[in-house]
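Read the structure below first, then the notes.
The values are calculated or read from the model by the stated rules, or taken from the named source; none is laboratory data. None of these values were measured; they are calculated from a predicted model. When we count neighbours, we look across all protein chains shown, and the Cβ atoms used for this are built from the backbone with ideal geometry, even at glycine.
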Amino acid sequence: MVIEINSAGLRKPVREIYPAQELLEVMFSLNIPITLGSDAHHPEQLGEGLADVVRSARQAGYRKVAVLAGRKQSLVSID
């Protein structure tokens, strides 16, 4: 299992990252890997808010994110 942390909520009225910080901390304690996403629907939205997503992930304890390629997972540092 890998769960995506997504910045799309920062563009919406809710103005927060999905999932919430408390859930990120639980996920980290359960050793669940994460990926990062911006849910871009237009080119100018690509990567939007990812610095905030990385900050939230690091605050929860994450130092690596999962990268998926060819149905294989590897971990990449977010330091």
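Scanning the stretch 12-36 for residues that are in contact with a helix residue (DSSP H, G or I) (Cβ under 8 Å, 6 or more places away or on another chain) and either among the acidic types (D, E) or surrounded by 15 or more Cβ atoms within 10 Å (Cβ to Cβ) (or both) gives E16, I17, Y18, P19, L24, E25, M27, F28, I34, L36. Residue pairs whose Cβ atoms lie under 9 Å apart, separated by 6 or more positions or on different chains, with the first residue in the stretch 1-21 and more than 16 Å from A60 (Cβ to Cβ) and the second assigned to a helix (DSSP H, G or I), are A8/Q45; L10/D52; L10/V53; R11/Q45; R15/G9.
Residue-wise test of (1) at pLDDT 95 or above; (2) closer than 21 Å to S77 by Cα.
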{"position": "E4", "(1), (2)": "no, yes"}
{"position": "A8", "(1), (2)": "no, no"}
{"position": "R11", "(1), (2)": "no, no"}
{"position": "V14", "(1), (2)": "no, no"}
{"position": "M27", "(1), (2)": "yes, yes"}
{"position": "P33", "(1), (2)": "yes, yes"}
{"position": "Q45", "(1), (2)": "no, no"}
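Of all the numbered requirements in (1) out of contact with any Ser or Thr (no Cβ under 8 Å at 6 or more places or on another chain); (2) assigned to a helix (DSSP H, G or I), L24 misses one, and that requirement is (1). Here D79, D52 are screened, and the one residue that is modelled with pLDDT under 95, at negative phi and in a loop (DSSP other than H, G, I, E, B) is D79.
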